[in-house]
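Worksheet for the structure shown next.
The values are calculated or read from the model by the stated rules, or taken from the named source; none is laboratory data. Here the structure is a predicted model, which is why all the values come from computation and not from measurement. Every residue, glycine among them, receives a Cβ derived from its backbone with ideal geometry; neighbour counts consider all protein chains shown. Please note that ligands, DNA and RNA were not included when accessible areas were found on the heavy atoms of the full protein model with its side chains. Shrake-Rupley method; radii C 1.70, N 1.55, O 1.52, S 1.80 Å.
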Amino acid sequence: ATQKELKSLKQSKRLSSQLARSGSKPLVGTSKAMKELDSLIRSVASSDASALIWGESGTGKEVVARCLHDLGKRAAEPFIALNMAAIPKDLIESEIFGHARGAFTGATDERPGCFELADNGTLFLDEIAEMPVDLQTRLLRVLEDSKIRRLGSSEEFTVNVRIIAATNQRPKLAVEKGSLREDLY
């Protein structure tokens with residue numbers, strides 16, 4: 001084996017060993033920043049409060065959200081992730097809240113939304129600042145009273161869901177430019 005291959009193999013074994021030793025430790029790394037992040041994740045995970053994760057694209061916001069779920073009281077329950085930027089604006093409401101049969105053209109059956117699917121677990125709303133502001137208002141109401149109503153239905157459901165949201169926009173700037181409601185933030 002070449003020197004480069006031996007070095008790579010040695011590094012791989014070291015990382016595998018570190019992973020095995022980490023047990024329930026959510027992140028692998030020994031830098032001061034990683035240790036601080038690990039401590040912060042553990043602190044927030046012990047709470048059942050909603051959380052907002054901010055970071056640039058590709059920095060691992062969903063990994064942090066998954067760690068918060070896995071280390072929290074809801075770890076045995078569903079973790080449902082939804083990326084607001086990846087869903088067409090006209091389908092977001094149905095994805096989040098579900099819909100009743102006949103609510104719109106093509107709604108041939110009732111369909112539960114992500115809140116119902118995540119009941120007793122965690123709903124991760126990625127790129128929350130991409131969610132239309134009128135739906136942010138509806139999300140705020142769910143956070144306040146834990147009740148949802150499927151699109152096109154008059155029936156309300158009570159849900160028990162922890163919300164973890166993320167954005168790649170600086171939250172205060174998103175509030176200033178109107179893409180994130182201040183009361184939701």
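General observations
- Residue check for Arg42: of a type in the set (Lys, Arg), at pLDDT 95 or above, closer than 16 Å to Arg162 by Cβ and more than 12 Å from the chain's Cα centre (by Cα): no
- Selection within the stretch 1-28 - at pLDDT 65 or above and touching a helix residue (DSSP H, G or I) at 6+ places or on another chain (Cβ under 8 Å): Leu27, Val28
- Residues of the stretch 140-168 that are touching a helix residue (DSSP H, G or I) at 6+ places or on another chain (Cβ under 9 Å) and closer than 22 Å to Cys67 by Cβ: Val161, Arg162, Ile163, Ile164, Ala165, Ala166, Thr167, Asn168.
- Residue match in the stretch 123-131 (condition: more than 14 Å from the chain's Cα centre (by Cα) and at negative phi): no
- Pair list, Cβ < 8 Å and 6+ apart or interchain, from the stretch 170-185 residues that are on the phi < 0 side of the Ramachandran plot to residues that are assigned to a loop (DSSP other than H, G, I, E, B) and open to solvent by 90 Å² or more (accessible area, probe 1.4 Å): Pro171/Tyr185; Lys172/Tyr185; Ala174/Tyr185; Val175/Glu182; Val175/Tyr185
- Set side by side, the residues Thr59, Thr108, Thr137 differ, and just one is over 17 Å from the mean Cα position of the chain (by Cα) and modelled with pLDDT under 90, which is Thr108.
- Taking the stretch 51-149 as the region of interest, none of the helices (runs of 4 or more DSSP H) fully inside it holds 2 or more residues being open to solvent by 10 Å² or more (accessible area, probe 1.4 Å), acidic (Asp, Glu) and in contact (Cβ under 8 Å) with a residue 60 or more places away in the chain.
- Restricting Glu176, Glu182 to those that are farther than 16 Å from Glu116 by Cβ and either at pLDDT 95 or above or in a helix (DSSP H, G or I) (or both) reduces the list to Glu176.
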